[in-house]
Amino acid sequence: MKIGFLFPGQGSQNIGMGKDLYEKYDIVKDTYNKVKQITGIDIAKITFEGPEELLNETKYTQLAILTMSLGILEILKQKNIQCDISAGLSLGEYTALINSNAISFNEGIELVKKRGEYMQDLLPKGDWQMAAILGLSDEQAEEVCKKVKSGFVKPANYNTLGQVAISGEEVAIKEAEIIAKEMGAKKVKVLKTAGPFHTEKLLESSNALKKELEKITINKCETKVIKNIDGDFYKDTDDIKDILAKHIINPVRFSKTLQNMIDNEIDTFIEIGPGKTLSGFVKRMKQEPAIQILNINDVPSLENVLDYINV
């Protein structure tokens, strides 16, 4: 069995996520308490009680998803379940890097706290949205964006075969939806995010984050991690700080990431964190031979994974 861990990003959050794990496992509760000590933010209260508008603020969303994923990882460590390769969608790349010990827990938490704040507070003025185009190729989604005349819109996340998320001004997203459907898109779905993420509009955030990255220590990855920016493995010679700074102004190459994992014979994918979005992305990839897709987002799904791996 070759195991690949997948870590979700912003948009997968929901009120109450991880609460049953928090209540059952002391090590999960300890993770939330450590995050509170480091940041001064009671992320458990925001995550479990809301309100939804508060949880959906980028500066809390990213911290909430990261904390839940790291809590689950602590349980897996206790059970000696490790991955051969890991990857995350946008924010999830930080979870993968913390899991691989490239970034320490404490510095990773501080970094994601700052990242969320910058991505929320340093946005250019405007009404921003993200939306997923389903049923068109990458090239067609790029063509949709080029055809839009009413405002700024760019491809942001190449999620999986036949699905690309676009990012930009609300009016431009609306025009893109019309064009995409005219070109044969099955659906265009507005996402639970609040900015023109993974485009050049976040340049100020990227520059601010670069300064924070300069303060931290980067270690050699202890497990293989695939980076969003090009869908390839992190190498020892990579400037991880520079890559993470550029990460938020460049598209996420997640379909290439998944293909890379499949090509490297990952046969068991485990999505760790809220939702099942990434599991859905894996299902849409062409897989030969068939692979197992699991997820952990509550106590029953955790127990299912432990049973499957015979822990």
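How about segment 1-38: which of its residues are of a type in the set (S, T, N, Q) and out of contact with any helix residue (DSSP H, G or I) (no Cβ under 6 Å at 6 or more places or on another chain)? Quick ask: steps written out before the conclusion?
Residues of segment 1-38 that are of a type in the set (S, T, N, Q), as a first pass: 10, 12-14, 31, 33, 37.
The answer is ASN14, ASN33, GLN37.
State yes or no: is THR257 surrounded by fewer than 20 Cβ atoms within 10 Å (Cβ to Cβ) and either of a type in the set (Asp, Glu) or over 25 Å from THR47 (Cβ atoms) (or both)?
No; evaluated as a whole, the condition is false for this residue.
In segment 185-219, what residues are over 21 Å from the mean Cα position of the chain (by Cα) and under 16 Å from ALA131 (Cβ atoms)?
Scanning segment 185-219 gives ALA185, LYS186, LYS187.
Tell me, please, whether a residue that is of a type in the set (S, T, N, Q), in a helix (DSSP H, G or I) and in contact (Cβ under 8 Å) with a residue 40 or more places away in the chain can be found in segment 192-205.
yes
What pairs can you find where one residue is in segment 284-298 and of a type in the set (Lys, Arg), the other is modelled with pLDDT of 90 or more, and their Cβ atoms are less than 6 Å apart, with a gap of 6+ or different chains?
Cβ pairs passing all conditions: ARG284/THR160; ARG284/LEU161.
Regarding segment 96-108, can at least one residue be identified that is over 27 Å from SER69 (Cβ atoms), touching a residue at least 60 places away in the same chain (Cβ under 8 Å) and part of a helix (DSSP H, G or I)?
Going residue by residue through segment 96-108, those that are over 27 Å from SER69 (Cβ atoms) are none.
No, segment 96-108 has no match at all.
Identify, from the list LYS211, LYS215, LYS181, LYS220, the residue that is of a type outside the set (Val, Ile, Thr), part of a helix (DSSP H, G or I) and not assigned by TED's automatic domain parsing to the domain that holds VAL164.
LYS211
State all residues of segment 13-35 that are of a type in the set (A, V, I, L, M, F, W, C) and under 24 Å from THR193 (Cβ atoms); if no residue qualifies, say none.
Listed by number, the residues that qualify are ILE15, MET17, VAL35.
Go over the candidates GLU110, GLU142 one by one and state the one that is in the same structural domain as MET183 (by TED's automatic domain parsing) and over 19 Å from TYR234 (Cβ atoms).
Sole residue among the options that is in the same structural domain as MET183 (by TED's automatic domain parsing) and over 19 Å from TYR234 (Cβ atoms): GLU142.
When residues of segment 21-51 are filtered for being out of contact with any Leu (no Cβ under 7 Å at 6 or more places or on another chain), at pLDDT 95 or above and assigned to a loop (DSSP other than H, G, I, E, B), how many remain?
Qualifying residue count for the region: 4.
Can you pull out the residues in segment 223-266 that are of a type in the set (S, T, N, Q) and either within 19 Å of the chain's Cα centre (by Cα) or part of a helix (DSSP H, G or I) (or both)?
Those that are of a type in the set (S, T, N, Q) and either within 19 Å of the chain's Cα centre (by Cα) or part of a helix (DSSP H, G or I) (or both): THR223, ASN228, ASN250, SER255, THR257, GLN259, ASN260.
Which residue, of ILE173, ILE179, is at pLDDT 95 or above and under 17 Å from LEU202 (Cβ atoms)?
None of the others qualify; the one that does is ILE173.
In contact with a Cys (Cβ under 9 Å, 6 or more places away or on another chain) and either surrounded by fewer than 19 Cβ atoms within 10 Å (Cβ to Cβ) or touching a residue at least 40 places away in the same chain (Cβ under 8 Å) (or both) - does that describe any residue in segment 213-222?
Checking segment 213-222: not a single residue is in contact with a Cys (Cβ under 9 Å, 6 or more places away or on another chain) and either surrounded by fewer than 19 Cβ atoms within 10 Å (Cβ to Cβ) or touching a residue at least 40 places away in the same chain (Cβ under 8 Å) (or both).
Across segment 106-148, which residue is modelled with the highest pLDDT among those that are buried (at least 17 other Cβ atoms within 10 Å of the Cβ), small (Gly, Ala, Ser) and more than 28 Å from LYS186 (Cβ to Cβ)?
Within segment 106-148, the match that is modelled with the highest pLDDT is GLY108.
Can you name every residue in segment 120-151 that is of a type outside the set (Phe, Trp, Tyr), closer than 15 Å to PRO196 by Cα and either free of Cβ contacts under 8 Å to residues at least 12 places away in the same chain or not in a loop (DSSP other than H, G, I, E, B) (or both)?
Result: GLN120, ASP121, LYS125, GLN129, MET130, ALA131, ALA132, CYS145.
Looking at (1) touching a helix residue (DSSP H, G or I) at 6+ places or on another chain (Cβ under 9 Å); (2) buried (at least 21 other Cβ atoms within 10 Å of the Cβ); (3) under 19 Å from LEU134 (Cα atoms), which is the one condition that is false for MET285?
(2)
For segment 187-208, what are the residues that are at pLDDT 95 or above and of a type in the set (A, V, I, L, M, F, W, C)?
Matches in segment 187-208: VAL188, LEU202, LEU203, ALA208.
The values are calculated or read from the model by the stated rules, or taken from the named source; none is laboratory data. Here the structure is a predicted model, which is why all the values come from computation and not from measurement. Note: ideal-geometry Cβ built from the backbone for every residue, glycine included; neighbour counts use all protein chains shown.
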